[in-house]
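Notes for the one structure printed next.
The values are calculated or read from the model by the stated rules, or taken from the named source; none is laboratory data. Because the structure is a prediction, the values reported are computed rather than measured. No Cβ is skipped: glycine too gets one built from the backbone with ideal geometry, and neighbour counts run over all protein chains shown. When the accessible area is computed, the model is the full protein with side chains, heavy atoms only, and any ligands, DNA or RNA have been set aside. Shrake-Rupley method; radii C 1.70, N 1.55, O 1.52, S 1.80 Å.
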Amino acid sequence: MDADLSESLCEAVLRAGNPETPLMIVGSGSKAFYGRKAAASVLETAGHTGILRYEPTELVMTARCGTRLSEIESVLAERGQILPFEPPHFGEGATLGGTLACGFSGPRRPYAGSARDCLLGCGILNGKGEILSFGGEVMKNVAGFDVSRLMVGAMGTLGVLLEASIKLAPKPERELTVCFERTVEDALNDMNRWCSEPWPLSGLAHDGTRVYARLSGSERAVDAVHRKFGGEVCEEGDAFWEDLREQRHEFFSTESPLWRISLAPATPVLNLPGTWFYDWGGALRWLKTDASAETVFRAAEAAGGHAALFRGRSDDGRVFQPLTGGLKSLHANLKRAFDPKGLFNPGRLYEDF
């Protein structure tokens, strides 16, 4: 860890701890729309930037968490490599830290791994002003309880992400998107069947009328698979997946609350009013609805999944699936362990912590 670049952040946290002054961790602000609003003083992290180590032959990169995704992806493109979890940016200034803190992954996630799967190790600043390191830069270092991956999706409530080591992947030689006319029910059946077969899939989505399937691999392999797989070639395939990832698809143009519902991909259509878009082969479901938060949470829970309000406001102010019992206690205990004074992003995830 570079002590010079981390020193100012450490000092800011120590000052905030005496007296206790809550801090809202902010990188570029591209993910500010997501989650509850933290009432706190701003702790700027966007200046904490730079790629520290890059080993193309080992498919590993370590970067400070204020580094822009666009910079990382540009460097990787020169070596024919990508971030496997295809993270959305939602803004030109999107940073590595913000992406990991929100736990965001794109359409490739079911086939190449999530942001959490790709995090090998990280350095954080905890609520005591201490710099802690977890994990490493190779998969074999990940043994036992992998503390580093707790930071993915924690919304900055456990600490300030300083640097992260990420597993990379080669860029596919070719990608081809094909589409099929399908009802929702038929689409879910087909997508689940395709995922159980040895097709080189890297994206499966249904927009309400059509299934879009992205095939990835070598030129010869993709051509051979396409002959067997079938479907109409989508000439704007790259644009479709980018628009889906960045929520520029027309579906996401809405004034209604937008819900993100995670379920087992074979789960039947939920009985909720509104308009749906299915990604991840049916495991990620976007819903535009004016139904109450309680209605959405209950339906997701009954189906064995969970819901989060992605954009807009709910009728009761809740954003994430309510925690109960032991799970709520576990979250509270983790918060106390990493941030005993409750300095970081208070209320960003839940009202209590």
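Out of curiosity, is V211 open to solvent by less than 20 Å² (accessible area, probe 1.4 Å), in contact with a Leu (Cβ under 6 Å, 6 or more places away or on another chain) and touching a residue at least 12 places away in the same chain (Cβ under 8 Å)?
no
Which residues, counting only those in segment 194-208, are open to solvent by less than 20 Å² (accessible area, probe 1.4 Å) and farther than 24 Å from F252 by Cβ?
Scanning segment 194-208 gives a single hit, W194.
Which condition from (1) at pLDDT 95 or above; (2) open to solvent by 20 Å² or more (accessible area, probe 1.4 Å); (3) under 26 Å from L59 (Cβ atoms) is the one that R149 breaks?
(1)
Look through segment 12-47, keep the residues that are farther than 14 Å from L125 by Cα and among the basic types (K, R), and return whichever of them is least open to solvent (accessible area, probe 1.4 Å).
K31
Hey, L158 hits all of (1) in a loop (DSSP other than H, G, I, E, B); (2) open to solvent by 30 Å² or more (accessible area, probe 1.4 Å); (3) at pLDDT 95 or above but one; which does it fall short on?
Here L158 clears every test but (2).
Determine whether segment 56-65 contains at least one residue that is assigned by the TED database to the domain that holds A12, open to solvent by 60 Å² or more (accessible area, probe 1.4 Å) and farther than 30 Å from P257 by Cβ.
First, pick out the residues of segment 56-65 that are assigned by the TED database to the domain that holds A12: 56-65.
With open to solvent by 60 Å² or more (accessible area, probe 1.4 Å) added as a condition, the list becomes 57-58.
Narrowing further to those that are farther than 30 Å from P257 by Cβ: 57-58.
Scanning segment 56-65 turns up at least one residue that is assigned by the TED database to the domain that holds A12, open to solvent by 60 Å² or more (accessible area, probe 1.4 Å) and farther than 30 Å from P257 by Cβ.
Out of segment 25-43, which residues are out of contact with any Gly (no Cβ under 8 Å at 6 or more places or on another chain) and not aromatic (F, W, Y)?
Step one: of segment 25-43, the residues out of contact with any Gly (no Cβ under 8 Å at 6 or more places or on another chain) are 26, 32-35, 40-43.
Answer for segment 25-43, where residues must be out of contact with any Gly (no Cβ under 8 Å at 6 or more places or on another chain) and not aromatic (F, W, Y): V26, A32, G35, A40, S41, V42, L43.
Is at least one residue of segment 117-134 touching a Phe, Trp or Tyr at 6+ places or on another chain (Cβ under 8 Å) and under 30 Å from H226 (Cβ atoms)?
Within segment 117-134, one or more residues are touching a Phe, Trp or Tyr at 6+ places or on another chain (Cβ under 8 Å) and under 30 Å from H226 (Cβ atoms).
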